[in-house]
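Here the structure is laid out as structure tokens; the discussion comes afterwards.
The values are calculated or read from the model by the stated rules, or taken from the named source; none is laboratory data. Model, not experiment: these values are computed from the prediction. Please note: Cβ atoms are built from the backbone with ideal geometry, for glycine as well, and neighbour counts cover all protein chains shown.
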Amino acid sequence: MKPLDSALEALDGLSDGMSVMVGGFGLVGAPLTLIDALCEHGARDLTIISNNLGEPGGKGLSRLLSLGRIRKAIGSYFTSNPEVVAAVERGELEVELLPQGTLAEAIRAGGAGLGGFFTPVGAGTLLAEGKEQREIDGRLHVLERPLKADFALVRAERADALGNLVYDKTQQNFNVAMATAARVTVAEVDQTVSAGSLPPGAIHTPHLFVSRLVRAQVHILDVKSVEEMLR
């Protein structure tokens with residue numbers, strides 16, 4: 001699988017109203033090149049499934065939010081970005097909050113083809129309103145539905161010529177599960193190697209889940225780089 005010439009080209013088929021999963025944790029391990037392309041693409045009324053929506057000042061998915069292109073966000077830590085809170089208060093953004101472990105498991109369930117799962121996390125609270133609840137082994141559980149998307153944008157360290165992916169460090173946050181849970185998975189990678197170069201046991205995402213590849217143009221190398229971006 002040859003990397004496409006542009007990240008924008010990799011988003012071919014994306015249109016208004018679609019759902020997009022975006023991997024990573026904040027800015028680290030996130031597909032920043034593809035996020036920039038998503039901002040340039042022009043699709044509107046998107047549902048974004050991600051742990052959070054970037055950082056203040058238009059960094060990461062926060063830029064897409066500032067462009068007014070996100071209709072709904074599904075994730076865990078939106079309050080880390082005051083711009084998200086302000087957008088909700090103005091009625092410009094709908095959010096669905098999920099505990100982080102539930103979010104990860106719902107994405108995994110979507111990729112595994114499951115119909116849902118019961119968890120005690122959030123049962124009996126506001127987060128469970130409108131959801132089925134039942135007692136299991138003497139403890140209240142809530143039924144959580146799987147999460148799937150039209151597109152998944154993921155960040156990996158390496159890909160081989162077939163499209164097999166290997167993730168490094170924080171890239172393993174959500175990217176691995178999201179790659180299996182979308183109709184079209186686009187992987188942003190730091191480097192590509194020849195087929196057979198990756199040890200089979202090191203592969204996190206088999207190429208059967210990967211639709212397109214692009215080379216990363218935006219890099220966050222270490223904690224110091226993150227701190228500089230947040231200033």
Give the residue, chosen from F151, F174, that is under 15 Å from the mean Cα position of the chain (by Cα) and on the phi > 0 side of the Ramachandran plot.
F174
Out of Q100, Q133, Q171, which single residue is surrounded by fewer than 18 Cβ atoms within 10 Å (Cβ to Cβ) and closer than 21 Å to P31 by Cβ?
Q100
Looking only at segment 173-200, which residues are out of contact with any strand residue (DSSP E or B) (no Cβ under 8 Å at 6 or more places or on another chain) and at pLDDT 95 or above?
A177
Where a residue in segment 61-78 is in contact (Cβ under 8 Å) with a residue 60 or more places away in the chain and its partner, wherever it lies, is among the hydroxyl-bearing types (S, T, Y), with Cβ under 8 Å and at least six apart
I74/T47; I74/S50
Total residues in segment 54-77, condition part of a strand (DSSP E or B), among the small types (G, A, S) and surrounded by 23 or more Cβ atoms within 10 Å (Cβ to Cβ):
1
The one condition in (1) among the small types (G, A, S); (2) closer than 21 Å to Y167 by Cβ; (3) over 15 Å from the mean Cα position of the chain (by Cα) that S50 fails to fulfil:
(3)
Report yes if some residue within segment 84-97 is among the charged types (D, E, K, R), surrounded by fewer than 18 Cβ atoms within 10 Å (Cβ to Cβ), out of contact with any strand residue (DSSP E or B) (no Cβ under 8 Å at 6 or more places or on another chain) and part of a helix (DSSP H, G or I); otherwise report no.
yes
Filtered residue count, segment 75-93, keeping only those that are touching an Asp or Glu at 6+ places or on another chain (Cβ under 7 Å) and within 18 Å of V20 (Cα to Cα):
0
Failed condition for M21, given (1) in contact (Cβ under 8 Å) with a residue 12 or more places away in the chain; (2) part of a loop (DSSP other than H, G, I, E, B):
(2)
Those residues of segment 24-40 which are in a helix (DSSP H, G or I) and touching a Lys or Arg at 6+ places or on another chain (Cβ under 9 Å) amount to L32, T33, L34, I35, D36, L38, C39
Of everything in segment 165-189, what is outside any strand (DSSP E or B), touching a helix residue (DSSP H, G or I) at 6+ places or on another chain (Cβ under 9 Å) and either among the hydroxyl-bearing types (S, T, Y) or within 19 Å of A7 (Cα to Cα) (or both)? Give them in sequence order.
Y167, M178, A179, T180
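Listed here are the residues, each with its yes/no results for (1) within 21 Å of N52 (Cα to Cα); (2) in a strand (DSSP E or B); (3) of a type in the set (V, I, T); (4) modelled with pLDDT under 95.
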{"site": "T102", "(1), (2), (3), (4)": "yes, no, yes, no"}
{"site": "A106", "(1), (2), (3), (4)": "yes, no, no, no"}
{"site": "L114", "(1), (2), (3), (4)": "no, no, no, no"}
{"site": "F118", "(1), (2), (3), (4)": "no, yes, no, no"}
{"site": "A123", "(1), (2), (3), (4)": "no, no, no, no"}
{"site": "L127", "(1), (2), (3), (4)": "yes, no, no, yes"}
{"site": "R134", "(1), (2), (3), (4)": "no, yes, no, no"}
